[in-house]
Amino acid sequence: MAVDRDRRAGNIEVWKVFEELYEEGRTRSIGVSNFDVADLESLLGAAEVVPHANQIRWFVGNTQRETTAFCGERDILVEGYSPLATGRLLGNRDIAVIAEKYGRSVAQVSIRYLLEKDILPLPKSTTPGRIQENADVDFELSAEDVAALDALDTRE
């Protein structure tokens, strides 16, 4: 537990510098990465400015419900990195069935799912065709399909 307190004290120290930069107008927003609820509570207890964003690993099957809800209640944007689970979702049959209904790829449905959940997806690719495909998510998933994807998350 002492390690957590040390890390959280360091987070607060760094956050104070971020707040100064923000207050001086040197940045338009400030945020954190990989903060869970306990990390956020610790930071918020000492912060003048609520983080604008929390960048966390977020994908179908790993929605970090508690952290996502906590952020939503405080207007902290969740940025979901690795929305394809570093490629592991691409072979997921459940997502493939949904993708087929829309004439889309598993990657597109996976990224669109984040948007349906008000999560900013941060996909990564170096392949121009995949980058373009990942950006082509201007469609909506039905409530039934979102619920089916929700059901793939067995974590509490």
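The values are calculated or read from the model by the stated rules, or taken from the named source; none is laboratory data. Fair warning: this is a prediction, and the values are worked out from it, not measured in the lab. Here the Cβ positions follow ideal geometry from the backbone for every residue, glycine too, while neighbour counts run over all protein chains shown. Accessible surface areas use protein heavy atoms only, side chains included; no ligands, DNA or RNA. Shrake-Rupley method; radii C 1.70, N 1.55, O 1.52, S 1.80 Å.
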### Message
Given an 8 Å cut-off on Cα distances and at least 6 residues of separation, report the relative contact order of the chain as a percent.
### Response
20
### Task
Kindly rank 124-134, 56-66 from highest to lowest mean number of other beta carbons found within 10 Å of each residue.
56-66, 124-134
### Message
Computing the accessible area with a 1.4 Å probe over protein heavy atoms, can you report the carbon and sulfur percentage for the chain?
### Response
49
### Task
Taking the Cα centre of the chain as origin, sum charge times position over the Cβ atoms of Lys and Arg (+1) and Asp and Glu (-1), and report the length of that vector in debye to the nearest 20.
600
### Task
Please give the contour-minus-distance gain from GLU41 to THR27: 0.36 nm per residue of separation, less the Cα-Cα distance, rounded to one decimal in nm.
2.7 nm
### Task
Quick one: which residues, 5+ away or cross-chain, put their amide H under 5 Å from the amide H of GLN55? H built at 1.01 Å from N.
VAL32, SER33, ASN34, PHE35, GLU79
### Task
Subtract the Cα-Cα distance of ARG65 and SER142 from 0.36 nm times their separation in residues, and report this length gain in nm to one decimal.
25.7 nm
### Query
Name the trypsin sites (Lys or Arg not before Pro) in region 8-52 that are in a loop by DSSP and that have at most 13 other C-beta atoms within 10 Å, would you?
ARG26, ARG28
### Task
For LYS124, list the aspartates and glutamates whose Cα falls under 15 Å from its own Cα; do not include residues on the same chain fewer than 8 positions away.
GLU79, GLU133, ASP136
### Cβ-derived FRET efficiency at R0 35 Å, ASP94 paired with HIS52, nearest 0.05
0.55
### Top of GLU116, GLU100, GLU79 by mean-square fluctuation, Gaussian network on the chain, Cα under 10 Å
GLU100
### Candidate aspartates and glutamates - alpha carbon under 20 Å from LYS16, same-chain residues fewer than 8 apart omitted
ASP4, ASP6, GLU24, ASP36, ASP39, GLU41, GLU48, ASP75
